[in-house]
Amino acid sequence: MNAKRKTLPKGIAAGEFDKAIKELKKILGNENVLEDELRLAPYNKIMMPVPNDQHAPSAAITPASVEEIQAVLKVLNKYKIPVYPISTGKNLGYGSAAPVQRGQIVMDLRRMNKIIEVDPDLCTALVEPGVTYQQLYDYLQERKLPLWFSCPAPSAIAGPLGNMVDRGVGYTPYGEHFLFSCGMEVVLANSEVLRTGMGAMPNSNTWQVFKWGYGPTLDGIFTQSNYGIVTKMGMWLMPAPPDFRPFCIQYPNEADITKIVDALRPLRIAMVIPNAVVIAHTLWEAPCTPVKRADYHTGPGAISDAAVSKIQKDHNIGAWNVYAGLYGTKETNDANWKIIEAVAAGTGGKIITEEQSKGSQALQYRFDLMKGKPNLGEFGLYNWRGGGGSIWFAPVSQAKGSETLKQMKTAKDILGKYGFDYVGEFIVGWRDMHHVIDLLFDRSDDDQTKKAYACYDELLHTFAKEGYGVYRSNTAFAEKVAATYGPVKRSVEKKLKKALDPNNILAPGRCGISL
Amino acid sequence: MDRRNFIGTLLASGVLGATLPAARAADDLFLAGANRVLIVGQSDQPYALELTAQLGRVFTAAGIPHMQVVAGGTELAQVAHVIALLEKARGGRVIGVMDDAAAVIFQELAAARGGACVLSTHHRFGAGAVRHCCTSATLEAGIVWSEPISAQAGRIAGVYAGAIGGRQRAAPTVPATGPADGGPASLVSFLINT
Ligand SMILES: Cc1cc2nc3c(=O)[nH]c(=O)nc-3n(C[C@H](O)[C@H](O)[C@H](O)COP(=O)(O)OP(=O)(O)OC[C@H]3O[C@@H](n4cnc5c(N)ncnc54)[C@H](O)[C@@H]3O)c2cc1C
C-alpha cells in the first residue's frame, strides 16, 4: 500500500485500492489522481460539528470528459469503490467538497467547465458542472447579451449545476433553480449516458425548451440523490427587464413577521412580486453590514434581545428586513409600486429604495443578487461568531404568518439553550417558505462544536415532531434527516438505488440513500 | 510609539497601500525565487497587520524570500482581487492573515485553482490573551495554545517559518488555556501551496 495513505473506503483492502488507483491513473493521467494528503486538503474543510476524519476522502480525481467518467466508473464498479461527485464543490454549510462518508473518492468535475451553448432568442443555456456563476455572468456581459440568471448568495465561486442538483435557491423570479432547469445529461453507474426530457431523442433541438419529454419525467431523481453523475444541465435565462426596482421594507418588531407574511403572500402568489421575497432577521443583516458581535455581546451564551434591539437602533436595521423587486416595464412597475407602498404603509414598514440604499453593503449585495449579479457579500456571516463553524438548518414552512412566528420562536429557544444566536431568514417561494438558519459556532472550540451538533439534532427532531421537514441538509446529518421522512419513501429510494447502482458506488449515504 | 500605532500611521500615510517597505527590497528576489512566499494581511485588522509584519521579520531573519501586501476586507471579498493575489503567488506559497469571511473566500478560490491549504490557524482574542488553534492536513489533531497578546505573534510566525522551511513543527509548550468564547476578535491565518 502507498505508505502515505491514511484513509481507505470502508471494506476495501489497501492492495485492491492501490490497484484501482493505478488503473485510474492510466485513464486520467497521474496529475488528475490526487492521493497526497496536502492535495486532498481542499476536500476536507467541512465546517460541520463533527471531526474532519469522518468525511476524509481516500483520493480525488478530476476527469475532463464524459468518456473519462465512463471509463472511471468501470474501474470503480470492478473494485466496488465509492465515488462522490462534486461540480464546483462550494457546498459550504452543507458539507463543502467533502464526501458524505469517510473513504469515498471525490470526483471533482471542475475541469469540465464549458458553457456549451447560450441561445439568446430562447433564453436558454447548456452548461457543464465546472462552470461557475461568475463565468456565466462574464460570458453574458462580454457578449452584451441582455440575459439574467438566478444565483445563490455565494454565486461568484459556486456553480449552477452543483447548486441545482442540490436543489438550491436564488433571488430572481427564476429563484427555484430546479424548476428553471431544463434537460440533463447523466452518466449512470453502469457508464450508460442518459439525456433526460427531449434530450433522449436523437437530433432533438428541444432539449432545453421542453422539460417533460415522453413518459415519466426522470430529472427529479437525479437531484438530492446518488443515482447518476450529472454532466450537462440546461437552464433557463431571464430576459433583463426594461425596469427593475428592488426595494427593502424594514419592520421594527420580531412579532411583525406574522403580518409581513400574510400581507406579502397574495402579492407573491399573484406574481405582483415575481421573485423569492427574503425576510431577513437583524442578526443576518448585522454581520453583512458589518456589525461586530463583540461590540454588543462578550462572554458565553446567545446574544440578548436587548443587544439585538440596540444593534437595530445603532445601525438602522429592522427586526425584519424584507427584500423583493419589481420586474417589468416602467408602466407596470409604477402601477405595482403603488401596491407595495400601500402594503408597507398598512403594515408599519419603512421602504428603502435602491436610491436610498446607497452606501449600505447589506442592501447592495441583496439588490445585486435579485438581478443575478454574483457577489460574496453574504460571507460576512462568518465573521459574526468567528471560528469557521457553520451548518444550515433549513425547515420548510407554509407561507402563513402564524407558522413563521411559531418556527422562529421554536428555533430561537433551542439555539439559545445551547448558547447560539438566531441568525435566520425566510425565503418565500410561492406558497412555501424556506426558513434558513445559519448555526454559527467556533469550530476551534470543542465544547461549542459538541453543542452545535446537539443543537442541530434537537432542532431537527423538534421540528420533525411538529411536521416540519428540512429541504436540504448537511452531509453529517443526511441519514437523520432522511429518517424524518418515513420508511416508505426510503424503501422506494433503496429499490431505485439497487436498480441503477447495484454496486453502491455512487455517493452511498448521500441524502441517506445507500444499499 | 507602539507597533500597532506605527502600522496605523503607515497605513494612514499610504505607505502600506501596496507593499510593506521591509519587503520591497525582496521583490526582485521574490519574483525569481522558487520557494517564495506572498504574505497577505488584512489592512483593517490590527492584529493581522501585526502578524504580517512579524512574519516578514521572521522570514527575513530565516532568509526566506517573501513579499508582503495588504488589502482591505472589501477587496478580499472580491473574486478579481483575490485571483490577482493568487496569480502573484502562482507556483509559490501564500500566507494569508485575515478575518474568517475573507479566509474562507481566499481558501475556496485557491482550492478551485488546485491550491492546497497546508496549515490553517484560528486566533481568538480575549482580554490580554490570544488562543491559537492550528490545524494541518498532516496533523492528526489540531495544536491549541494560548499566550499573552503582548507575545507579539512571535511563536505563530515561527510555526509558519517552520512549515515553509519544512522543519518539524513542535507543539508549543504553553498550556492550552485562555479565551474560548466571546473574545472580542477572531482571525485566521493560513498557508497555501498555490
Ligand atoms: C454565505 C453563504 C450563503 C449561501 N447562500 C445560498 C443560497 O442563497 N442559496 C443556495 O442554494 N445555497 C446557498 N449556500 C450554500 C451553497 O454554498 C450553495 O448552494 C452552492 O451553490 C453549492 O455549491 P456548488 O454550487 O459548488 O455545488 P457542489 O458543491 O458542486 O454540489 C453540491 C452537491 O451536489 C452533488 N453534486 C454536485 N455535482 C454533481 C454532479 N455533477 N452529479 C451528481 N451530483 C452532484 C454533490 O453531492 C455535492 O456535494 C450558501 C453558502 C454560503 C457560505
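The numbers here are math on the coordinates, done by the rules we state, and not lab data. As the structure is a computational prediction, the values presented were derived from the model and not from experiment. Positions of Cβ are backbone-derived with ideal geometry, glycine not excepted, and every protein chain shown enters the neighbour counts.
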| Distance between segment A:312-362 and segment A:9-38 - C-alpha centres, whole angstrom | 55
| remark: Output field shielding_mean for A:276-289 (other chain Cβ, 10 Å radius) holds 0
| task | Quick one: divide the alpha-carbon radius of gyration of segment A:115-239 by 2.2 N^0.38 Å and tell me what you get. | result | 1.00
| field | Furthest towards positive pole of dipole, A:G467, A:F244, A:L440, structure part segment A:243-476, Cβ charges | value | A:F244
| message | List the lysines whose Cα sits under 27 Å from the Cα of A:K494, skipping any in the same chain fewer than 8 residues away. | response | A:K10, A:K74, A:K78, A:K80, A:K211, A:K232, A:K465, A:K480
| Other protein chain Cβ atoms within 10 Å, averaged over every residue that makes up A:34-40 | 4
| Gain upon complete extension [A:D305, A:N253; 0.36 nm per residue less C-alpha separation] | 17.6 nm
| task | Taking every Cα atom in segment A:243-476, find the radius of gyration and the maximum pairwise distance Dmax, and write them in Å. | result | 17.4, 57
| said: As an exercise, use a Förster radius of 56 Å and the Cβ-Cβ distance of A:I351 and A:K489 to find the FRET efficiency, rounded to the nearest 0.05. | reply: 0.80
| task | Lys and Arg at +1, Asp and Glu at -1: add these up for the other residues within a Cβ distance under 9 Å of A:R431 and post the number. | result | +1
| field | Residues of type aspartates and glutamates that A:K22 reaches as a straight line, Cα spacing below 13 Å, ignoring anything fewer than 8 places off in the same chain | value | A:E31, A:E35
| remark: Amide H neighbours of A:L218 at under 5 Å, excluding residues fewer than 5 places away on the same chain, with H built from the backbone geometry, are A:G197
| message | Considering only C-alpha atoms, what is the centroid distance from segment B:74-138 to segment A:128-155, in Å? | response | 26
| Once you charge only the Cβ atoms, +1 for Lys and Arg and -1 for Asp and Glu, what is the size of the charge dipole of segment A:14-111 about its Cα centre, to the nearest 20 debye? | 180
| message | Antiparallel versus total DSSP beta bridges in chain A: what percent is that, nearest 5? | response | 90
| message | With just the Cα atoms defining each centre, how far is segment A:243-311 from segment A:435-494? Give it in Å. | response | 24
| Mean shadow of segment A:84-184, computed from the convex hull of its alpha carbons, in nm²? | 6.5
| note | Packing-ranked peptide list from A:240-249, A:355-364, B:38-47, highest mean Cβ count within 10 angstrom first, is B:38-47, A:240-249, A:355-364
| message | Give me the mean projected area, in nm² to one decimal, of the convex hull enclosing the Cα positions of the protein assembly as shown. | response | 30.6
| task | Pull out the extension gain between B:A151 and B:T138, defined as 0.36 nm times the separation in residues minus the alpha carbon to alpha carbon distance; nm, one decimal. | result | 2.0 nm
| query | Counting other C-beta atoms within 10 Å, which of A:W212, A:W207, A:W392 has the fewest, and how do the rest follow? | reply | A:W212, A:W392, A:W207
| request: May I ask you to evaluate 6.51 cos²θ - 1.76 cosθ + 1.60, the Karplus curve with θ = phi - 60°, for each residue of segment A:288-293 and list the ³J(HN,Hα) values in order in whole Hz, giving x for glycine and proline? | output: 8, 6, x, 10, 8, 4
| Across segment A:423-484, how large is the tail of the calculated P(r) beyond 17 Å, expressed as a percent of all Cα pairs? | 46
| query | Cα-based count: Lys pairs in segment A:281-417 below 19 Å, eight or more positions apart or different chains? | reply | 16
| Helix-derived mean residue ellipticity, 222 nm - over the protein assembly as shown, DSSP H n ≥ 4, -39500 (n - 2.57), to 500 | -10500 deg cm²/dmol
| query | To the nearest 0.05, how large is the calculated FRET efficiency for A:A342 and A:K144 if R₀ is 30 Å and r is the Cβ-Cβ distance? | reply | 0.20
| Volume per residue, Å³, of the convex hull around the alpha-carbon atoms of segment A:196-314? | 231
| task | Classify segment B:46-112 as rounded, prolate or oblate from the Cα gyration tensor: take a ≥ b ≥ c as the square roots of its eigenvalues, call it rounded if a/c is under 1.5, otherwise prolate when a/b beats b/c and oblate if not. | result | oblate
| remark: Between the residues A:V66, A:N91, A:G29, the Cα farthest towards the positive end of the dipole of segment A:14-111, that dipole coming from +1 and -1 charges on the beta-carbon of Lys, Arg, Asp and Glu, is from A:V66
| said: Can you compute the charge dipole magnitude of the protein assembly as shown about its Cα centre, using +1 on each Lys and Arg Cβ and -1 on each Asp and Glu Cβ, nothing else charged? Give it in debye, rounded to the nearest 20. | reply: 1300
| Averaged over A:348-356, how many beta carbons belonging to a partner chain fall within 10 Å of each residue's beta carbon? | 0
| request: Once every Cα of segment A:359-515 carries one equal point scatterer and solvent is ignored, give the base-10 log of I(q)/I(0) from the Debye formula at q = 0.16, 0.20 Å⁻¹, two decimals. | output: -1.04, -1.27
